[in-house]
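Below: the structure, in structure tokens.
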Amino acid sequence: MAEERAFFSPYTQAEPYWIILHGADASAATRFGATEMHRKPDLYGVNAGNDWIEGWKRLAEEFLPAPPESGLRAAIIAAAEIPSLQEIELLLRPVDEVHAIASNLWLANYIHEGRLICFMQDVIDRRGKKIGHEAFARIEAPGGEIIGGGAIMQASHALHMEYQVDRLMHKQAIQCFVESDLEGFLFINFLTGFIHRPEVYLEGLSQAVERHQLLPRSVALDVPLVDYAKDITKLKSIANYCHARGFALSLDDVMSTEGLAGLLHDIRPSFVKLDAKLAVDMLEPKRQGVVIEIIRLAHSAGASVLAEGVESETLHNAYLSADVDMFQGYLFGAPERCPPLPKHKKAS
């Protein structure tokens, strides 16, 4: 199918590629060695060999106007021969989107090379006992640079690979947790903003938990409240899936009491995570009211409260006095790297 040959698939690098432009500025491609295709005005293509990324960079930097006129579209198609007009029309998209894909293919390449790694940070209870770990995905670049989760999420979005990357991160977190003989709860983050059918999107997570014989109730899915503040229906569907599968639900990034009581009643989370930004309020006695009320509402709903970003004894003691149950932050240790998974060919 045409979509399987689209430019955002990084696993066909050995095949030759066609760079195609269509629009008011498409004639610029002729200076790059392109010819008019299919006798259609303003549709040009050039065979880029098997290194289309460098070919696209040269085309974008030397020949295309910056920014290009609106309406200019492009497609990068893996094909040994001139692709059909129908295939071209299926894959044409705004040229700035193609440029974003070319600029972010480092993620696909690094995943292909097995450079996705996992870090774990301890979660501590009121007695100072380690009761769980939160997993963080990172990329280790060839020079040893560690690329953080924000850049991974941004590149995943540009490549339209959120689902594949998220599944791989879940698998990585679960395998690292089990093979490192860690105990307690495993808190897993996931790219929640585009989940429409949790029973489909999270099925891979369920399969990984079952494959590694991990008890579902020990896996806590972190659902950022900010992602669903305006779509509570979708948040409820994710919560229902978690409960049906036996997972623990963690409501992440909580900063306000607005609508919180009703929400906690509807989704029944096991954990409520206080956003790290609340530390500023917690250190000012006159501004602690909102934090204390969040804690009260969470406890009334049967949820444990976890404070993130705890980096000082002063903040830790303030949260202890406010009856917070669990803590996470550099005061108790930085995230530690787990052994990487074996190399693989696909983010599946």
> At a Förster distance of 35 Å, what's the computed FRET efficiency of ASP51 paired with LYS130, Cβ-Cβ distance as r, to 0.05?
Replying inline: 0.15
> Which shape class applies to the stretch 274-314: rounded if a/c is under 1.5, otherwise prolate when a/b exceeds b/c and oblate if not, where a ≥ b ≥ c are the square roots of the Cα gyration tensor eigenvalues?
Replying inline: oblate
>> Show me the trypsin sites (Lys or Arg not before Pro) within the stretch 115-204 that DSSP assigns to loop and that have at most 15 other Cβ atoms within 10 Å of their Cβ.
In response: ARG126, ARG127, LYS129
> Which FRET efficiency value, to the nearest 0.05, do you get for SER321 and ALA66 by plugging their Cβ-Cβ distance into 1/(1 + (r/R0)^6) with R0 = 51 Å?
Replying inline: 0.35
> So which trypsin sites (Lys or Arg not before Pro) in the stretch 187-254 pass both tests, a DSSP loop state and at most 11 other Cβ atoms within 10 Å of the Cβ?
Replying inline: LYS230
> Build a GNM of the chain with springs between Cα atoms under 10 Å: which of ALA80, ALA66, ALA239 gets the top mean-square fluctuation?
Replying inline: ALA66
> For the stretch 129-245, what relative contact order do you get, as a whole percent, if you take Cα pairs closer than 8 Å and at least 6 residues apart?
Replying inline: 27
> Whats the longest run of the chain with zero GluC sites (Glu not before Pro) that are DSSP loop and have at most 15 other Cβ atoms within 10 Å?
Replying inline: 184-257
> Residues in the stretch 228-266 near a label at SER300, defined as backbone nitrogen under 19 Å from the 7 Å Cα→Cβ point?
Replying inline: 251, 254-266
>> Contact order normalised by length for the stretch 116-337, with contacts defined as Cα pairs under 8 Å and 6 or more residues apart; what percent is it?
In response: 20
> Expressed as an acute angle from 0 to 90° and rounded to the nearest 10, what is the orientation of the C-alpha long axis of helix 289-300 relative to the principal long axis of the chain?
Replying inline: 80
> Pick from PRO83, PRO94, PRO285: which is most flexible by mean-square fluctuation in a GNM of the chain where alpha carbon atoms under 10 Å apart are linked?
Replying inline: PRO285
> Using unit Cβ charges (K, R positive; D, E negative) and no other charged atoms, how large, in debye to the nearest 20, is the dipole of the chain about its Cα centre?
Replying inline: 580
>> Can you show me the helix-derived [θ] at 222 nm for the chain, built from DSSP H runs with n ≥ 4 at -39,500 (n - 2.57) apiece and divided by the number of residues, rounded to the nearest 500.
In response: -10500 deg cm²/dmol
> Pick from ALA248, ALA229, ALA276: which is most flexible by mean-square fluctuation in a GNM of the chain where alpha carbon atoms under 10 Å apart are linked?
Replying inline: ALA229
> Between the helical axis of 149-158 and the dominant principal axis of the chain, each derived from Cα atoms, what acute angle in degrees is found, rounded to the nearest 10?
Replying inline: 40
> Which value, in nm² and rounded to one decimal, describes the direction-averaged projected area of the C-alpha convex hull of the chain?
Replying inline: 20.1
> Could you give the nm distance between label points at GLN86 and ARG39, where each point is 7 Å from its Cα heading toward the beta carbon?
Replying inline: 1.9
> Summing +1 for each Lys or Arg and -1 for each Asp or Glu, what net charge is found among the other residues whose Cβ lies under 15 Å from the Cβ of GLN207?
Replying inline: 0
>> As I understand it, the value is the acute angle between the Cα axis of helix 52-62 and the longest principal axis of the Cα atoms of the chain; what does it come to in degrees, rounded to 10?
In response: 80
>> Name the residue from GLY309, PRO216, HIS133 whose Cα lies farthest towards the positive end of the charge dipole of the stretch 116-337, charges +1 on Cβ of Lys and Arg and -1 on Cβ of Asp and Glu.
In response: PRO216
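Throughout, read-outs are computed from the coordinates displayed, never taken from laboratory work. All values derive from a computational prediction rather than experimental measurement. Because the Cβ atoms are built from the backbone with ideal geometry, glycine has one as well, and the counts that use them run over all protein chains shown.
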